[in-house]
1. Which of rounded, prolate, oblate describes the stretch B:227-330, given a ≥ b ≥ c as roots of the alpha-carbon gyration tensor eigenvalues and a/c under 1.5 marking rounded, otherwise prolate only if a/b is larger than b/c?
2. For residue B:80, what charge total do you get from the other residues with a beta carbon under 9 Å from its beta carbon, if Lys and Arg give +1 and Asp and Glu give -1?
3. Using Cα centres only, tell me the gap between the stretch A:34-104 and the stretch B:503-536 in whole Å.
4. Could you tell me what percent of the DSSP beta bridges with both partners in chain A are antiparallel, to the nearest 5?
5. For the stretch B:156-225 and the stretch B:244-318, what is the centre-to-centre distance using only Cα atoms, to the nearest Å?
6. If each residue's Cβ is checked for other Cβ atoms within 10 Å, how do B:177, B:517, B:163, B:318 rank with the fewest at the top?
7. If you count the DSSP beta bridges with both ends in the protein assembly as shown, what percent of them are antiparallel, to the nearest 5?
8. Residues with amide H under 5 Å of residue B:395's amide H, sequence separation 5 or more or different chain, H placed in the peptide plane at 1.01 Å from N; which?
Amino acid sequence: MKTDIVLAGVGGQGILSIAATIGMAATKDNLNIKQAEVHGMSQRGGAVLSHMRISEKEIASDLIPEGYADLILSVEPMESLRYLPFLNANGWIVANSTPYINIPDYPDIKRILGEIEQHANHILIDADHIAKEIGSPKSSNIVMLGAASPFINIPFESFLEGIKLIFGKKGDKVVNDNIAALHAGKSFSEKHSVKN
Amino acid sequence: MQKLPLLGAEAIAQGAIDGGMSGIYAYPGTPSTEITEYVQINKTAKERKIHSRWSTNEKTAMEAALGMSYAGKRAMVCMKHVGLNVAADAFMNSAITGVNGGLLVTVADDPSMHSSQNEQDSRYYGKFAMIPTLEPSNQQEAYEMAYHGFELSEKYQTPVLIRITTRLAHSRAAVGRHDVKNENKLVLPQDPKQFILLPSIARGRYKNLLGNQANFLLSSEESVYNQYFEGKDKSMGIIACGISYNYLKENFRDEDIAYPVLKIGQYPIPKSKIEKIANECNKLLILEEGYPLIEEMIKGYLANGIKVNGRLDGTLPRDGELNPTIVAKSLGLSGTKTFDIPDFLANRPPMLCQGCGHADTYNALNIALNNYGKGRVFSDIGCYTLGALPPFETIDSCVDMGASITMAKGAADAGLIPAVAFIGDSTFTHSGITGLIDAVKEKSHVTIIIADNFTTAMTGGQESSATGKIEDICQGIGVEPEHIRIFVPLKKNMDEMVRIFKEEMAYEGVSVVIPRRECIQTLAKRKKEAKKKILN
């Protein structure tokens, strides 16, 4: 069993904290991980990605080969499409529907969402809206992780453990907010993950 | 001991701490920064008071590490690849002096130039200096090479180069640890003249280095990092260096690799193993992350030996980093790509943060430059290099640390008057001061903008050696006090900023203008930490 995940977003959107939570959950389950991060110049508002590989077996490459990713988890809709060559034929796109527009030539959002919807296996989720609804607007990242959790070969309980470990220092309220966000994302996915 | 999930850079730091290091010296630079940052917050390092404060540049770092080695203790210096150019004088000569305490020079290369001006391959520096070079393929090896590297260095009394690349430096995996070793005791070199490179002594030291080459080769032949894997299919032999070995393995996953494979992690390259693979195979494929160092050596200028495929004949791209997909193609394996990138996507290049002081400064400078025309702003290495991109398009050069001031001076000498230099506070103390001395000495008509945000921002906000000292440094060098001007780069101060720029550009001598406002990233971090303190 393995899950190869491309994490995508814009510098500053915090994809590294999603990666840290997945990494913690995978370690809890004694799975091997490799996670290639982006540091440096591109973190300044540019496109960023992280390759996250989880497996029962030893993992050779830090980078996912083209056509091998099981999941693209993107906190920004256009960024999910930038890494499509990594996705395998049955892979899932889980993308936030709220665009992050910091460039003058951002394409028509309808066209972007249309492209994602064309894809057989996709979840488009307004994570920002859901995070606000549950009273935890800062947890939209974890809503995204919750939405992606059914497609990652790690038991859901391990994600809960991961959140407790990562956010524990910030107090019970932050932990509970993030757990609520994780559940909200997951239940959205379960309702919407019917294959086209 | 429990395994730790570490970046390659962090694994090197942990290996060095566990290996008995007494000090680490560095100037921040992607992708090497995390090595020193890890030591700065590590518990054992704190308890042992391992030196970890930032140096002013890579040369001062290299020399301080050599000084610690002179005193018998184990030291590491680390930098990005282009930093080794700055430290090269000290580095090359450290190979001649040799070491007393173990000395590891860790250099992080950046193929594909994710955050750099070039993609030079530091293994050439190892060969140039004729010292052993280690190149880990994964995080565990990165740990081992730092941990055991000190012994290698002390055994042969030589500095040892550890070369990593961006992908390994910034990729995380679980790393197992060894017992923590004691630090060395303070002890002077046995030979009191070892470090005196007077010609008469240096000649002897150089002969000593040449004599050591056979030992370095022997060590490489016996190295656990240079492994030969037998293969049945002798139609091709594969030599894979560093991280490229992982990309090779990835392409075979659960199967054994049919071809003989020589994995290389220690240099000079192991001659007998190279001979073996060349003798038993019909041709060679060489996988190297970086320049074709081994490929050139084996192929030779006349290329009249065994057939060699690699970066030179187009089997692999000549530039850029490798990845599993590129390596698959070089093996003749078919691609597995299913989907393409839609053609309507827009690029999203990095940009200055919302509210950054550099943005206000560039807006003002663009207005002030209207009288003179474009093509006269020489910039430097830092966040402000993004001033080359829209909407600013203010700067006309970015070459190396400190080049803004000296290039402006040279252009002014040629008659491009006024010439403007744009440099950050940390880059100024790194390599700008000497250039300013040249300009002052000749009263060059240059306007030097030292954008002071109190930090080394691009690499994540490390301490800047310039903080609180810039005016004193400039005055001490001889810049006239009335031509050292300071303002706060904010939109509301636009008129003042433009006026100061105009006045100083009109002055026929050296002016220094200091836009001064804290980096908004470090400001946010500071506020957050202050809030946390109050809550606690």
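1. Rounded shape, in that the Cα axes give a/c under 1.5.
2. Every neighbour counted, the sum reads -3.
3. Cα centroid to Cα centroid, the span is 34 Å.
4. 50 percent
5. Cα centroid to Cα centroid, the span is 26 Å.
6. With the sparsest Cβ surroundings first, the list reads B:318, B:177, B:517, B:163.
7. Around 30 percent of the beta bridges assigned by DSSP in the protein assembly as shown are antiparallel ones.
8. Long-range HN contacts for residue B:395: B:388.
Every read-out reported here was derived from the displayed coordinates using simple, explicitly stated rules and does not represent laboratory data. Here the structure is a predicted model, which is why all the values come from computation and not from measurement. Glycine gets a Cβ as well: all are built from the backbone with ideal geometry, and neighbour counts include every protein chain shown.
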